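Just so you know, all these numbers are worked out from the coordinates, no wet-lab data involved. These figures come from a predicted structure and were not determined experimentally. Methodologically, a virtual Cβ is constructed for each residue, glycine included, from the backbone with ideal geometry; neighbour enumeration extends over all protein chains shown.
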Amino acid sequence: MTSSKLTWGDANVLKLSNIDTFYGPIQALRNVSLSVEQGEIVSLLGGNACGKSTTMKTILGLVRPRQGEIEFLGQRIEKLSPSAIVRAGISPVLEARRLFPYLTVYENLRMGAYVRKDKKEILEDIERMYDLFPVVKDRYRQLASTLSGGEQQMVAMARALMARPKLLIMDEPSMGLSPLFVDKIFEIIQQINQTRGVSILLVEQNANMALSIASRGYVLQTGEIVLYDTARKLLNNPQMQKAYLGVA
């Protein structure tokens, strides 16, 4: 399947249409089209330097596309600033967590709500984060720099949810984590999606894990979408199995 044949549903939260992104003279994304519908987990897969992080940065306004359109909840956002995109309802969980290392866990959570003014509800949401991530509650007074990688990932997810997003974009949430923490993180991603109704774009190199919880997936290769389908069909696709799933 190729992106030129891609069709959209009626309930798109996010829609990229024919995106071209450049770093100077070097083209990083070519004709990238994808969508995330209401309540979906969609996986964006591929190897190193294939364009996954550039796609995320383009959505978040950190890199501007040279061509194409990005719509969020029916509104064009490709010319908005990163802060305006966050205010519109997109929250990122960045690669390597990117917590404020010398702030406490609690202070990091408060930073996730910096665009909000509803002080009482912010405090209520912090309690909800403690319920969802018990380890975050246990560590709330610790500096973020003192946490393990898995604990930092949970704080990063909780911080992103403090903005009450309509769409969560997660960049390599399994990176650098032990298998035990990877299983836990993906379990929580499913829980966030199912119980809170948050749509999720999961940018991930661990194809097996990502497709195990996603409804659909896209595969990037050298900046182009080379495969897309339901998660189940991608898991059974011989090309996918050979290139990304370790099946001979």
So for the chain, averaging the separation of alpha carbon pairs under 8 Å that are six or more residues apart and normalising by length, what relative contact order in percent results?
28 percent
Rg over Rh [alpha-carbon atoms, Kirkwood Rh] for segment 98-164:
0.93
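At a 10 angstrom cut-off on C-beta neighbours, averaged per residue, how do the peptides 24-30, 148-154 rank from highest to lowest? Working shown, then result.
On the way: 24-30: 14.4, 148-154: 20.0.
Result, highest mean Cβ count within 10 Å first: 148-154, 24-30.
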Antiparallel DSSP bridges in the chain: what percent, to the nearest 5?
55 percent
Ascending count of other beta-carbon atoms within 10 Å, so fewest first, for L161, L211
L161, L211
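For S145 and N18, calculate 0.36 nm times their separation in residues minus their Cα-Cα distance, and state this gained length in nm to one decimal.
Values: separation 127, 0.36 × 127 = 45.72 nm, distance 3.98 nm.
This chain segment gains 41.7 nm when fully extended.
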In this structure, among K166/K242; K52/K233; K79/K117; K120/K166; K120/K184, pairs with alpha-carbon gaps over 28 Å are K166/K242; K120/K184
Kindly write out, for segment 74-91 in residue order, the coupling ³J(HN,Hα) from the Karplus curve 6.51 cos²θ - 1.76 cosθ + 1.60 (θ = phi - 60°), rounded to whole Hz, with x marking Gly and Pro.
x, 10, 5, 10, 5, 9, 7, 6, x, 5, 5, 5, 5, 4, 5, x, 10, 10
If we count every other residue with Cβ under 9 angstrom of E69's Cβ, Lys/Arg +1 and Asp/Glu -1, where does the sum land?
0
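What is the packing order of peptides 44-52, 125-133, taking the mean over residues of other C-beta atoms within 10 Å and listing the highest first? Display every interim value, and only then the final one.
Details: 44-52: 19.9, 125-133: 16.9.
Highest-to-lowest ranking by the protection proxy: 44-52, 125-133.
What does the charge dipole of segment 98-164 about its Cα centre add up to, to the nearest 20 debye, if the Cβ of each Lys and Arg holds +1 and the Cβ of each Asp and Glu holds -1? Numbers along the way, then the final one.
Values: 12 positive and 9 negative charges, 47 e Å.
So the magnitude is around 220 debye.
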